[in-house]
Amino acid sequence: MLQILSAYIASTIIFLGLDMVGLKFIVKPVFDRHISDLYADPFRMGPAAVFYLAYVAGAVFLVSLPALRADAPVQALINGAVLGALAYGTYEFTSLAVMRDWSWEQVITDTLWGTVLTGVSLWLGVLVARLFD
């Protein structure tokens with residue numbers, strides 16, 4: 001149980017830390033060019049917190065636990081990247097299909113970012129959790 005909890009806490013902290021940097025320097029500049037007039041003001045922290053906590057919990061359950069059981073951290077990197085591509089791609093391609101001002105630049109940037117972010121966060125979280133075996 002300690003290993004699962006440590007995987008969740010480590011993955012969440014890593015995910016949030018990396019995403020703060022990625023949003024500021026990679027994703028936001030792209031979104032600013034296309035949909036800045038649609039941003040909520042002020043930013044709604046509650047829905048963001050629900051996303052982060054639930055997404056990482058689901059990712060740990062689907063990806064990190066099997067990787068820990070197999071003692072295969074690279075499995076978390078690969079399967080986390082696949083999950084990230086699916087999750088972020090679902091959002092991006094749906095938005096492209098239904099939103100007038102959505103762009104391919106947003107789809108590509110955010111899907112790639114979500115792929116890397118999820119894979120790396122879960123991989124590092126598994127490495128940390130292995131310390132509690």
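Values in this text are rule-based calculations from the coordinates and carry no lab data. These numbers come from a predicted model, not from an experiment. Positions of Cβ are backbone-derived with ideal geometry, glycine not excepted, and every protein chain shown enters the neighbour counts.
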Practice problem: Go ahead and estimate [θ] at 222 nm for the chain from helices alone: -39,500 (n - 2.57) per DSSP H run with n ≥ 4, summed, over the residue count, rounded to 500. | Solution: -25500 deg cm²/dmol
Quiz item: residue 24 to residue 41: extension gain in nm, 0.36 nm per residue of separation minus the Cα-Cα distance?
Solution: 4.5 nm
Quiz prompt | Nearest-ten-degree value, helix 104-130 long axis tilted from longest Cα axis of the chain | solution = 20
Self-check item: Quarter of the Cα convex hull surface for region 56-100, i.e. its orientation-mean projected area (nm²)
Solution: 3.2
Self-check item: Highest to lowest packing among 63-71, 117-125, 12-20, scored as the average C-beta count within 10 Å
Solution: 117-125, 63-71, 12-20
Practice problem: Read phi for every residue in region 59-68 and hand back ³J(HN,Hα) as whole Hz from Karplus 6.51 cos²θ - 1.76 cosθ + 1.60, θ = phi - 60°, with x for Gly and Pro. | Solution: 5, 5, 5, 7, 10, 5, 4, x, 5, 5
Quiz item: When P(r) over Cα pairs in 10 Å bins from 0, in percent is calculated directly from the model, which label among [x] 13, 41, 30, 13, 3; [y] 9, 27, 25, 16, 10, 8, 4, 0; [z] 14, 45, 32, 9, 0 fits?
Solution: [x]
Quiz prompt | region 19-133: relative contact order in percent, alpha carbon pairs under 8 Å with at least 6 residues between | solution = 35
Practice problem: Provide the per-residue ³J(HN,Hα) series for region 18-33, in order, calculated from phi with Karplus coefficients 6.51, -1.76, 1.60 and θ = phi - 60°, each as a whole number of Hz, with x at glycine and proline positions. | Solution: 5, 5, 4, 5, x, 4, 5, 9, 10, 7, 4, x, 5, 5, 4, 5
Quiz item: Could you give me the ³J(HN,Hα) list for region 4-17, computed from phi with Karplus coefficients 6.51, -1.76, 1.60 and θ = phi - 60°, whole Hz, x at Gly and Pro?
Solution: 5, 4, 5, 5, 5, 5, 5, 5, 5, 4, 5, 4, 4, x
